[in-house]
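K.L.:
Let me begin by handing over the structure; questions about it come next.
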Amino acid sequence: MVRFAADGTVEGVEQCERIDSLPQTEYHNGILIPGMTNAHCHLELSFFKGAIPQHAGMVKFIDHVVSKRNDYSREVQVARAVEEDLSMWREGIQAVGDISNDTTSFPAKAKALREGRTRYHTFAEFFGMPADGEAEAFYHRAVDPLLAAAAADGLEITPTQHSTYFMSDKLFRLGADSPLMSIHFMETPAEVDFFDRRGGIYEMVKASAGREPDFLAYGGHAERLVGSLPKGAHLILIHNTQMRRRDMELILNYFEDVTFVLCPRSNYYIDADFPPAQMLYEAGARVALGTDSLSSNTSLSLAEELKWLSAHNPSIPLETLLQWATLGGARALRFDDEIGSFEPGKRPGAVLLSGVDFSSLTLASDARMLRLF
């Protein structure tokens, strides 16, 4: 039994033999969990829902996002972000780690803040291949307007690199002192061949720079992280679909605070691929869950991500998956002093997970989340 104050603060977590005799108690059939954290989202791309074909591969996906983004008015883009923010809240998402390349999603986030709903940490994302002499000015042009706009709206924000492949060496290092980074990491098969100067992403990056990428000497994506960022960096790595065990071990042995975020339905949408959930579980790594965007997913639903993971990773306990969806993400975003678990003094929200087979502790195909408060 969880006792809440009127403002949603947890007053106590208790066991009771005669819970059916307690006054002012609500009864629900399912599992009561704290509000979830969507640790990786691109809310600003919500207008792309259904617009990009599935299984097209990362290069075609990037080309579509870049070339078609301006086909939609800002009014449409802002309105869709507001709608999807509310949808996430109703389904039980308490916090979001959200990538921003512009201010499209800021009205939705500012509205959530005013109404005391979803807590956001925004990542001001930057990427590109400027020459060394142009990198600092390039960085500030990308990041400074977002930091200023977020400050005006009272939003939490930190700069972050986009990835380990679409960043010149100096530009990548300019973000190394960010208090919290969220980096797309080894998401697609084309990244595996990148450092061997092969594949579509390598060709795309080389064409963008007009020259050979200046960071190939690192020899690999994990090696680039370790060679460019301090051990004490607060690091969130997104997707990790192509991450090998040796990559994972290099990262875990170097960084003091790293969380791996899995977005399984997005990986399947783009490349018909699967994240290494079992490998991370066996390693005892910190894991969180995300939805990515509606350009690469059919909904921003963590319930659907949980069902997908449960179905494809039957040896991972449901208890672990639920922790990834709640406390794992809260810790990654450093919100765990307020949300992520039922502990006295926290205000984590309360969500009912229904559609649970209690005999096997697995999720049925009709499992769903309902926000209680």
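K.L.:
Please label the shape of segment 272-373 as rounded, prolate or oblate, based on the square roots a ≥ b ≥ c of the eigenvalues of the alpha-carbon gyration tensor (a/c under 1.5 means rounded; beyond that, a/b larger than b/c means prolate, else oblate).
P.N.:
Numbers: a/c = 1.33, a/b = 1.22, b/c = 1.09.
Rounded shape, in that the Cα axes give a/c under 1.5.
K.L.:
What are the lysines whose alpha-carbon lies under 17 Å from the alpha-carbon of Lys68, with same-chain residues fewer than 8 places away excluded?
P.N.:
Here the lysines satisfying the reach criterion relative to Lys68 are Lys49, Lys60.
K.L.:
In addition: Where the centre of each part is set by its Cα atoms, how far does segment 144-168 sit from segment 336-357, in angstrom?
P.N.:
Each part reduced to its Cα centre gives a spacing of 29 Å.
K.L.:
How large a share of the accessible area of the chain, in percent, is made up of carbon and sulfur atoms when the probe is 1.4 Å and the other protein chains stay in place?
P.N.:
Carbon and sulfur together cover 50 percent of it.
K.L.:
Please list the non-local residues whose amide H lies under 5 Å from the amide H of His234, H modeled 1.01 Å from N, same-chain partners needing a gap of 5 or more.
P.N.:
The answer is Met181.
K.L.:
Keeping all protein chains in place and using 1.4 angstrom, which order do Ser359, Ser73, Ser100 fall into by accessible surface area, from largest down?
P.N.:
Sorted descending by solvent-accessible area, the residues read Ser359, Ser73, Ser100.
K.L.:
Shifting gears a bit: Tally the DSSP beta bridges in the chain and give the antiparallel ones as a percent, rounded to 5. List each step's numbers first, then the result.
P.N.:
Working: 12 of 44 bridges.
Roughly 25 percent of the DSSP beta bridges within the chain come out antiparallel.
K.L.:
To continue, here is another question. Please list, in chain and number order, the residues 5+ apart from Gly128 or on another chain whose amide H is under 5 Å from its amide H, with Hs placed from the backbone.
P.N.:
HN-HN under 5 Å from Gly128: Met167, Ser168.
K.L.:
In a GNM of the chain with a 10 Å cut-off on Cα contacts, which of Ser178, Ser341, Ser296 has the highest mean-square fluctuation?
P.N.:
Ser178
K.L.:
Using a probe radius of 1.4 Å on heavy atoms only, what accessible surface per residue do you get for the chain? Whole Å² is fine. Write down the numbers at each step before the final one.
P.N.:
Numbers: 15670 Å² over 373 residues.
Heavy-atom accessible area per residue stands at 42 Å².
K.L.:
Report the local net charge at Glu343: Lys and Arg +1, Asp and Glu -1, summed over other residues whose C-beta lies under 14 Å from its C-beta. It would help to have the intermediate numbers written out before the result.
P.N.:
Values: positive: Arg3, Arg331, Lys346, Arg347; negative: Glu11, Glu14, Asp336, Asp337, Glu338.
Neighbourhood net charge equals -1.
K.L.:
Quick one: Cα centre-to-centre distance for segment 75-102 and segment 178-234, in angstrom?
P.N.:
One Cα centre to the other: 29 Å.
K.L.:
Using Cα-only point scatterers and the Debye equation, what is log10 of I(q)/I(0) for the chain at each q in 0.13 Å⁻¹, rounded to two decimals?
P.N.:
-1.05
K.L.:
What does the accessible area of Thr362 come to, in Å² to the nearest 10, when a probe of 1.4 Å is used?
P.N.:
50
K.L.:
Also: Mean residue ellipticity at 222 nm from the helices of the chain, using -39,500 (n - 2.57) per DSSP H segment of n ≥ 4 over the full residue count, to the nearest 500 deg cm²/dmol?
P.N.:
Only helices count here, giving -10500 deg cm²/dmol.
K.L.:
Would you tally the net charge around Pro159, using a Cβ to Cβ cut-off of less than 10 Å, leaving Pro159 out, and scoring K and R as +1, D and E as -1? Kindly include the intermediate steps, with their values, before the conclusion.
P.N.:
On the way: positive: none; negative: Glu125, Asp144, Asp177.
That works out to -3.
K.L.:
Let me know the whole percent of all Cα-Cα pairs from segment 122-260 that are separated by more than 23 Å. Don't skip to the answer; put the middle values down first.
P.N.:
Details: 3124 of 9591 pairs.
Counting every Cα pair in segment 122-260, those more than 23 Å apart make up 33 percent.
K.L.:
Spelling out what I want: for every residue of segment 319-334, take phi, set θ = phi - 60°, compute 6.51 cos²θ - 1.76 cosθ + 1.60 (Karplus), and round to whole Hz; glycine and proline get x.
P.N.:
Listing the rounded values in order: 4, 5, 4, 5, 5, 4, 7, 10, 5, x, x, 4, 5, 4, 8, 6 Hz.
K.L.:
A follow-up question, please. Please list Trp308, Trp324 from largest to smallest accessible area, probe radius 1.4 Å, with all protein chains kept in place.
P.N.:
On the way: Trp308 60, Trp324 15 Å².
From most exposed to least exposed: Trp308, Trp324.
K.L.:
Sort Lys60, Lys346 from largest to smallest accessible area, using a 1.4 Å probe on the heavy atoms of the protein chains. The partial results should precede the final answer.
P.N.:
Values: Lys60 140, Lys346 15 Å².
Accessible-area ranking of Lys60, Lys346, largest first: Lys60, Lys346.
K.L.:
Oh, and also: Taking only Cα atoms and a 10 Å spring cutoff, compute GNM fluctuations for the chain and point out the largest among Arg141, Arg224, Arg286.
P.N.:
Residue with maximal mean-square fluctuation among Arg141, Arg224, Arg286: Arg141.
K.L.:
What relative contact order, as a whole-number percentage, does the chain give when Cα pairs under 8 Å and 6 or more residues apart are counted? List each step's numbers first, then the result.
P.N.:
Details: 743 pairs, mean separation 89.4, N = 373.
Over the chain, the number comes to 24 percent.
K.L.:
Another question, if that's okay. Find out how many positive minus negative residues lie around Arg80, taking Lys and Arg as positive, Asp and Glu as negative, among other residues whose Cβ is under 12 Å from that of Arg80. Numbers along the way, then the final one.
P.N.:
Values: positive: Lys49, Arg74; negative: Glu44, Glu75, Glu83, Glu84, Asp85.
Overall, the nearby charge balance is -3.
K.L.:
Evaluate the Debye formula for segment 138-195 with equal point scatterers sitting on the alpha carbons, no solvent, and hand back log10 of I(q)/I(0) at q = 0.17, 0.27, 0.31 Å⁻¹, in q order, two decimals.
P.N.:
Normalising to I(0) and taking log10 leaves -0.64, -1.15, -1.30.
K.L.:
Taking the full set of protein chains and a 1.4 angstrom probe, give the accessible area of Glu91 in square angstrom, rounded to the nearest 10.
P.N.:
40
K.L.:
Using θ = phi - 60° and the Karplus form 6.51 cos²θ - 1.76 cosθ + 1.60, what ³J(HN,Hα) does each residue of segment 96-112 get, whole Hz, x for Gly and Pro?
P.N.:
9, x, 10, 8, 10, 9, 8, 9, 3, 7, 5, x, 5, 5, 5, 5, 4
K.L.:
Something else now. Among the GluC sites (Glu not before Pro) within segment 245-305, which fall in a DSSP loop and have no more than 12 other Cβ atoms within 10 Å of their own Cβ? Don't jump to the answer; show the numbers that get you there.
P.N.:
Details: sites: Glu249, Glu256, Glu282, Glu304, Glu305; in loops: Glu256.
Listed in order of number, the matching sites are Glu256.
K.L.:
Could you size up the charge dipole of segment 113-249 around its Cα centre, putting +1 on the beta carbon of Lys and Arg and -1 on that of Asp and Glu, and report it in debye to the nearest 20? Before the final figure, lay out the partial values.
P.N.:
Numbers: 15 positive and 20 negative charges, 58 e Å.
My answer is approximately 280 debye.
K.L.:
Between Leu327, Leu155, Leu302, find the one with the highest GNM mean-square fluctuation for the chain; connect C-alpha pairs within less than 10 Å.
P.N.:
Largest GNM mean-square fluctuation: Leu155.
K.L.:
Give me a comma-separated list of calculated 3J(HN,Hα) values for segment 335-350, in order, Karplus coefficients 6.51, -1.76, 1.60 applied at θ = phi - 60°, integers in Hz, x for any Gly or Pro.
P.N.:
9, 6, 6, 10, 9, x, 7, 8, 9, x, x, 7, 10, x, x, 9
K.L.:
Check which residues have an amide H placed less than 5 Å from Leu289's amide H, if you skip close sequence neighbours.
P.N.:
For Leu289, the qualifying residues are Ala39, Leu262, Gly329.
The values are calculated or read from the model by the stated rules, or taken from the named source; none is laboratory data. All values reported here derive from a predicted model rather than from experimental measurement. Note that we place each Cβ from the backbone using ideal geometry, even for glycine, and neighbour counts take in every protein chain shown. Note: accessible area is taken over every heavy atom of the protein model, side chains too, but ligands, DNA and RNA are not part of it. Shrake-Rupley method; radii C 1.70, N 1.55, O 1.52, S 1.80 Å.
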